[in-house]
Amino acid sequence: MNRHPFEIDKSITGFDLLNNGYRWMPGVDVILIGKKTKDTLDYYQLDFSDEETNEEEIYPIWEDEEVSIQKVETIVSTLEESIDPLDMPDSMYNRIWRVDEKRYKEVFGNGIPSGRYFYITMTKENLDGFIKNIDSSKYELKRKSEVHDYNFDEFLIVNLRLKDTFRCSVKALEDGRFEFVSQISLNK
């Protein structure tokens, strides 16, 4: 699976993501599957078919007890304050979210990726080099006329071969580093 900020396989499925080490991560009103390595976070928003999907099936299911959505959301908000699920060691993540349960892959695997978000955190020097070294034979960089106050920079990257357009932004972080984000909608 290609984890490049300006490349995307639109035929990817929820099963592909889970089989490549992506994990469920809490989202606000959306289902997210993500993968974090060093300073890079890559995640997809999952949608589900129009069929009636029981909201309780979308969240990880505990075998031992009946768990309400409200209880799951309370657990998630507590965890979000203490440790990001993607930062948890596998044993801790598996124990909390029960990812080895059969229904986990069945439910999340049937999700349809609808959006992708790719974050990289870097220093100013690395950011300048990263943007300067975007291969102009493969990608076209289009500057936006206005940059929102909360962003350091904004631009579009067009993949010249596939014609996909990635919305990119750069935000200054409090620690002096920068967060580069590329995002794309996968709605066909």
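The values are calculated or read from the model by the stated rules, or taken from the named source; none is laboratory data. Small disclaimer: the values here were computed from a predicted structure and weren't measured. Counting neighbours? That spans all protein chains shown, and the Cβs are built from the backbone with ideal geometry, glycine included. In case anyone asks, the SASA skips ligands and DNA or RNA and just uses the protein heavy atoms, side chains included. Shrake-Rupley method; radii C 1.70, N 1.55, O 1.52, S 1.80 Å.
Among the listed residues 174, 140, 146, which satisfies the condition of being open to solvent by 60 Å² or more (accessible area, probe 1.4 Å), modelled with pLDDT of 95 or more and more than 30 Å from residue 111 (Cα to Cα)?
Just a single option satisfies the conditions, and that option is 140.
Among the residues of the range 149-165, count how many are open to solvent by 90 Å² or more (accessible area, probe 1.4 Å) and acidic (Asp, Glu).
Total satisfying the criteria: 1.
Can you confirm whether residue 125 is over 22 Å from the mean Cα position of the chain (by Cα) and at pLDDT 95 or above?
Numbers: over 22 Å from the mean Cα position of the chain (by Cα): yes; at pLDDT 95 or above: yes.
The answer is yes for residue 125.
Which of the residues spanning the range 1-28 are surrounded by 14 or more Cβ atoms within 10 Å (Cβ to Cβ), without any contact (Cβ under 8 Å) to a residue 60 or more places away in the chain and over 11 Å from the mean Cα position of the chain (by Cα)?
Correct list: 16 only.
Among what's in the range 148-167 and is touching a Ser or Thr at 6+ places or on another chain (Cβ under 9 Å) and touching a residue at least 60 places away in the same chain (Cβ under 8 Å), pick the residue that is farthest from residue 122 (Cα to Cα).
Going through the qualifying residues, I end up with 159.
Just name the residue that is modelled with the lowest pLDDT out of those in the range 99-122 that are open to solvent by 60 Å² or more (accessible area, probe 1.4 Å) and within 16 Å of residue 33 (Cβ to Cβ).
Filtering the range 99-122 for residues that are open to solvent by 60 Å² or more (accessible area, probe 1.4 Å) and within 16 Å of residue 33 (Cβ to Cβ), the one modelled with the lowest pLDDT comes out as 103.
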